[in-house]
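Written out below as structure tokens is the structure these notes cover.
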Amino acid sequence: MQMKYGKLDLDPVKSPGVLDTATWDKEGLCRLIASRGSTWFGLFDRAAHAEIRGKPFHGIVAAGSVLAREGRLYLLAQVDDGQYVFLSRGSVGSKDLLGKPLAELRSEDDSLLSAYPTDASTIDRYCRTLNPPNAPRALGRRPRLGIGTRMTTRIWPGIFQAMRKGGFAANAIQNSVRELNLLGHLEEGKPPEKNTAFCFGEIESGYTGSTFEGLWVAGTLAALMHEHPLVYGADADHIQLKRSDTGLRQALSVVEAARYYSFFTLDPSDMLDYKALHCAPSGDSLIRAKVPDAGLRKELLGWHSREIRIAGRSYHPDADLIGRLVGKYWDSMQGAEALVSRIKALKGVEPFDLEFAYDENPPEVAVIESISLDEENLFVMREVQRRGLPFTHIAPNLGVEKGRDYRLPDGHDGLAARLSLAVTMAEELGFMVDVHSADDLSPATRKVIGKAGRGRLHYKISPSLMYLFAECAHDHFPELFRRWWDDALAYAEREAHRGSPIARDCLAALDASPDRSPSPRHELFHQFYFAFPGRRNDEGRFANREILYSLSSECYADYQSRVAQRLGEIAADVFVD
């Protein structure tokens with residue numbers, strides 16, 4: 001069913017994770033409810049029986065979604081056309097906890113059935129008011145995987161299978177500003193924002209095709225329909241704080257779109273002064289430039305110079321180092337304050353997790369020079385405490401790089417020592433350490449991380465799971481994969497023409513390869529495959545996305561099996577006893 005939302009034209013079933021509702025045809029749903037009155041009342045009779053037995057009872061409803069509250073029975077159902085609907089049944093006059101219904105039916109025994117839309121606000125009310133076991137939640141310092149969900153409804157079954165088998169928690173709804181759109185921008189037909197990555201080339205944001213709003217709706221419904229309890233959260237990842245005049249405004253718009261998420265990752269990398277720690281001017285000059293008020297400077301120096309002992313070591317930074325740390329982080333902390341204020345206003349009394357991610361480094365600074373100092377980690381945590389900001393997680397630079405196994409000269413021993421101390425510091429001050437960009441770390445490196453972190457980590461991955469889907473497309477649908485390959489090749493050729501060293505190296509390696517046939521094994525595909533799913537045509541429609549959600553059940557079962565296996569392996573390495 002093609003639907004029009006402003007300039008956005010899509011089939012909601014074949015393009016999930018986009019709309020902020022799974023009830024896109026309210027009139028049609030009301031007609032369906034009215035035409036099958038006895039069927040719906042019978043559904044509740046079976047639901048009550050299934051709730052007692054604790055088993056799935058019907059193809060469109062899972063027992064885990066059935067809840068009894070204040071004299072009414074509630075459930076979540078999926079109807080024939082793919083839409084979802086909340087239903088409740090109770091006596092006339094019993095308290096209704098979900099607000100105004102779309103439609104109501106009265107049975108012969110005078111009980112009342114009510115139907116409600118599954119839009120974002122109603123789903124949120126269902127989760128907060130009825131407290132189902134499979135609602136997304138803030139998990140505090142509970143160890144977990146952060147799992148990028150680029151393939152939305154096609155990946156969640158594999159994630160849930162791995163979580164149940166491995167007994168681990170996860171942020172099972174997770175994507176970043178790079179991967180997601182804002183629904184309003186799609187409806188306006190606004191072209192994707194373009195960013196330039198050092199040595200790579202141009203990247204268009206929103207390359208999964210999903211939106212912040214739609215990903216949360218689709219993921220929460222998938223979890224609510226799952227028959228077993230899940231411990232999970234929803235991470236609005238890498239919300240970027242930027243120096244530009246529009247930077248804060250853009251970040252605030254993302255927060256608005258992600259208002260129902262349980263986890264917010266703030267990425268201040270654009271606002272950090274990486275030269276402040278090692279280059280002129282002095283720390284005194286830097287703190288005076290950032291903090292003109294003498295009283296506040298005195299407070300800062302007093303707060304951060306206080307001795308703290310952790311793991312048998314004494315930390316007592318001098319005024320020069322404090323000034324340099326203020327020089328590096330002050331602007332980002334100011335931006336974070338404004339953003340956190342808005343998050344708190346949106347969430348109200350609802351708890352949420354909050355991460356300060358300073359793990360990335362600019363291209364002009366070598367990775368080894370970007371590793372976070374012990375004193376730096378302490379400064380970040382103590383400064384957010386001084387400001388009263390409710391951060392629960394930090395993501396320091398540990399020397400982990402995107403797309404590579406750990407390769408710094410200090411080896412695994414250096415990584416282990418650095419991470420172990422960071423985890424100890426974080427726990428001492430009430431935080432959890434997050435490890436980012438962890439897709440391409442070898443099992444040996446993951447095991448080092450798991451042991452050094454004592455299993456008390458938040459370990460994030462994302463692109464590798466999309467890559468698994470491309471492998472499945474290659475094995476099951478070679479003609480589709482050929483389209484995907486051609487798109488990646490054209491992308492690389494365009495960026496090579498613009499001067500991208502990575503694109504040129506990939507093309508040269510392909511030319512030198514004895515087998516140039518389309519394959520996910522080529523580095524060119526590995527680097528440039530990601531843009532295909534969310535690519536839009538000149539009319540603003542998704543060019544490829546709907547076909548990726550219209551493949552065979554055998555292909556998706558294979559994909560979900562691979563996802564479950566990969567996640568199980570990672571969890572076994574990272575969450576050591």
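The values are calculated or read from the model by the stated rules, or taken from the named source; none is laboratory data. Everything quoted here is computed from the prediction, not taken from an experiment. Glycine gets a Cβ as well: all are built from the backbone with ideal geometry, and neighbour counts include every protein chain shown. Heads up: the accessible areas ignore ligands, DNA and RNA and are worked out on the full protein's heavy atoms, side chains in. Shrake-Rupley method; radii C 1.70, N 1.55, O 1.52, S 1.80 Å.
For GLU350 and HIS228, what is the calculated FRET efficiency with R₀ set at 25 Å and r taken between the beta-carbons, to the nearest 0.05? Computed FRET efficiency for GLU350 and HIS228: 0.55. Shape descriptor for the chain: Rg over Rh equals 0.99 (Cα atoms; Rh from the Kirkwood inverse mean 1/r). For segment 470-577, the relative contact order comes to 24 percent (Cα pairs under 8 Å, sequence separation of at least 6). With each label modelled as a point 7 angstrom along the Cα→C-beta vector, the ALA444-ALA490 pair spans 4.2 nm. Taking each residue as 0.36 nm, the span from SER244 to LEU373 lengthens on full extension beyond its C-alpha to C-alpha distance by 43.7 nm.
Surface composition of segment 231-291: carbon and sulfur make up 51 percent of the accessible area, probe 1.4 Å.
With n ≥ 4 as the cut-off for DSSP H runs, can you work out [θ] at 222 nm for the chain, using -39500 (n - 2.57) per run divided by the number of residues, rounded to the nearest 500?
After summing the helix terms and dividing by residue count, I get -14000 deg cm²/dmol.
Find, among the GluC sites (Glu not before Pro) in segment 335-423, those assigned to loop by DSSP (not H, G, I, E, B) with at most 10 other beta-carbon atoms within 10 angstrom. Don't skip to the end; give the middle numbers.
Values: sites: GLU337, GLU355, GLU360, GLU364, GLU369, GLU375, GLU376, GLU383, GLU401; in loops: GLU360, GLU364, GLU401.
Taking segment 335-423 and a limit of 10 other Cβ atoms within 10 Å, the loop GluC sites (Glu not before Pro) found are GLU364.
Normalising by the residue count of the chain, find the relative contact order in percent from Cα pairs under 8 Å and 6+ residues apart.
Numbers: 1051 pairs, mean separation 89.0, N = 577.
Reported relative contact order: 15 percent.
Counting only heavy atoms of protein chains, what accessible area per residue, in Å², does the chain have with a probe of 1.4 Å?
Per residue, the chain has 41 Å² of solvent-accessible surface.
Across segment 441-459, the residues whose backbone nitrogen lies under 13 Å from the label position 7 Å along the beta-carbon direction of ALA572 are 443-444, 447. When the GluC sites (Glu not before Pro) in segment 526-577 are filtered for DSSP coil states and for at most 10 other beta-carbon atoms within 10 Å of their beta-carbon, the remaining sites are GLU539. Loop-located trypsin sites (Lys or Arg not before Pro) in segment 418-516 (DSSP state other than H, G, I, E, B) with a sparse environment of at most 12 neighbouring Cβ atoms within 10 Å: ARG498, ARG516. If only the Cβ of Lys and Arg carry +1 and only the Cβ of Asp and Glu carry -1, the dipole of the chain around its Cα centre is close to 1160 debye. Using 0.36 nm per residue and subtracting the Cα-Cα separation, the extra length available between ALA294 and ARG306 on full extension is 2.5 nm.
For every other residue with a beta carbon closer than 13 angstrom to the beta carbon of GLN2, add +1 if it is Lys or Arg and -1 if Asp or Glu, then tell me the sum.
Details: positive: LYS4, LYS14, ARG541; negative: ASP9, ASP11, ASP25, ASP81, GLU539, GLU546.
Charge balance in the 13 Å sphere: -3.
Compared with the alpha-carbon gap, the fully stretched path from ILE547 to ALA512 is longer by 9.3 nm at 0.36 nm per residue.
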